[in-house]
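Visitor: Please read through the structure below; I'll follow up with questions.
The values are calculated or read from the model by the stated rules, or taken from the named source; none is laboratory data. The model shown is predicted, which means the values in this text are computed figures rather than measured ones. Reconstructed Cβ throughout: ideal geometry from the backbone, glycine too, with neighbour counts over all protein chains shown. For the accessible areas, the whole protein counts, side chains as well, though only heavy atoms, and no ligand, DNA or RNA atoms are used. Shrake-Rupley method; radii C 1.70, N 1.55, O 1.52, S 1.80 Å.
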Amino acid sequence: MLAAVGLLALFPLVYSLLLSELSAPLFAMLLALVVRAMALEYRAQSSTCLRHWLDRIMASSSALATFIQGWCAGMIISAQPDGLSLVPLISGVGLMVINSLLACCWIGWRIGDPVQPLAEAQSWLWWLLALLVFPIELYLNADIWQQSWQRPLGKVAGVAIVILWISLLCGLYPWLVPHRFTLSESASSPATQGFVLVGAAIAMPLTLLYHSWSFWIERRGK
């Protein structure tokens, strides 16, 4: 939601383009998030049989929402109107893999000994799959990476790709949506950008502090 609001304020032309082309998948993503929240809310009040179904609904809706997020990112990066092309599909699968990796790490850290061996084993599995998906995305977007490597900043980012993975952004510059809108063409007025920047400078540290405090309160062995 913060990303959508920020895009509307900073780059309204890009926001209108993405909203018109991605309205259906974004609606499906929001619906999946609502269904997931409902399944989680009613789980504790349901019978054992219904609880199993709610668990499946929660898992499938979470997977769908994650896939759509990655799929939309792939559509933006590749600038391909065909949603069945490889780049959006691999991006959706890649985000599911990365989220599964984060989930296994979180469960192993939060619950501890009862599930630690299984969580650790699955973490390695998802990590290997993530390493497999990344070069596939690299190959499918070879032109962007080649443009990145031709620039000094792209060379620096290419060396640090394992840590930051920012070379793709350098390759996209100056496009915000490849071959449609550049940063300067789609940017809003300086006053609007300044307002959003000040708001983000206040909101982001507070958000990080809140989540850090939540993780500290919920830490294992409190």
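Visitor: Amide H of SER188 versus every other amide H placed in the peptide plane: which residues, excluding those fewer than 5 positions away on the same chain, fall under 5 Å?
Guide: Counting only residues 5 or more places away or on other chains, the set is PHE11.
Visitor: With just the Cα atoms of the stretch 178-218, tell me how far they stretch along each of the three principal axes, in Å, largest first.
Guide: Principal-axis extents of the stretch 178-218 (Cα, largest first): 46, 25, 6 Å.
Visitor: Against the 2.2 N^0.38 Å scaling, with N counting residues, where does the stretch 1-148 land? I'd like the Cα-based Rg ratio to two decimal places. Mind showing how you got there, number by number?
Guide: Numbers: Rg = 18.0 Å, N = 148, 2.2 N^0.38 = 14.7 Å.
For the stretch 1-148, the normalised Cα radius of gyration comes out at 1.22.
Visitor: How would ASP113, ASP55 line up by accessible area, probe 1.4 Å, largest first? Please report the intermediate quantities before stating the final value.
Guide: On the way: ASP113 125, ASP55 45 Å².
Ranked list, largest accessible area first: ASP113, ASP55.
Visitor: Leaving out ligands, DNA and RNA, and with a 1.4 Å probe, what % of the accessible surface on the stretch 1-75 is carbon or sulfur? Could the numbers behind the result be given before it?
Guide: Numbers: 3450 of 4660 Å².
Its accessible area is 74 percent carbon and sulfur atoms.
Visitor: Whole number in Å², please: accessible area per residue of the stretch 2-86, 1.4 Å probe, ligands, DNA and RNA not counted. Don't skip to the answer; put the middle values down first.
Guide: Details: 5170 Å² over 85 residues.
Computed with neighbouring chains in place, this is 61 Å² per residue.
Visitor: Peptides 90-96, 6-12: what's the order by average Cβ count within 10 Å, highest mean first? Write out the running numbers ahead of the final one.
Guide: Working: 90-96: 22.0, 6-12: 17.3.
Result, highest mean first: 90-96, 6-12.
Visitor: Near the amide H of PHE181, under 5 Å away, which other amide H atoms are found, from residues 5 or more places off or on another chain, if H is placed in the peptide plane?
Guide: Residues meeting the amide H criterion: LEU176.
Visitor: Here's another thing I want to ask about it. Please list 26-33, 66-73 highest first by mean number of surrounding beta-carbon atoms within 10 Å per residue. Write down the numbers at each step before the final one.
Guide: Working: 26-33: 15.4, 66-73: 20.8.
The packing order, highest mean first, is 66-73, 26-33.
Visitor: Please give the per residue accessible area of the stretch 95-138, computed with a probe of 1.4 Å over protein heavy atoms only, in Å². It would help to have the intermediate numbers written out before the result.
Guide: Numbers: 2870 Å² over 44 residues.
Result: 65 Å² per residue.
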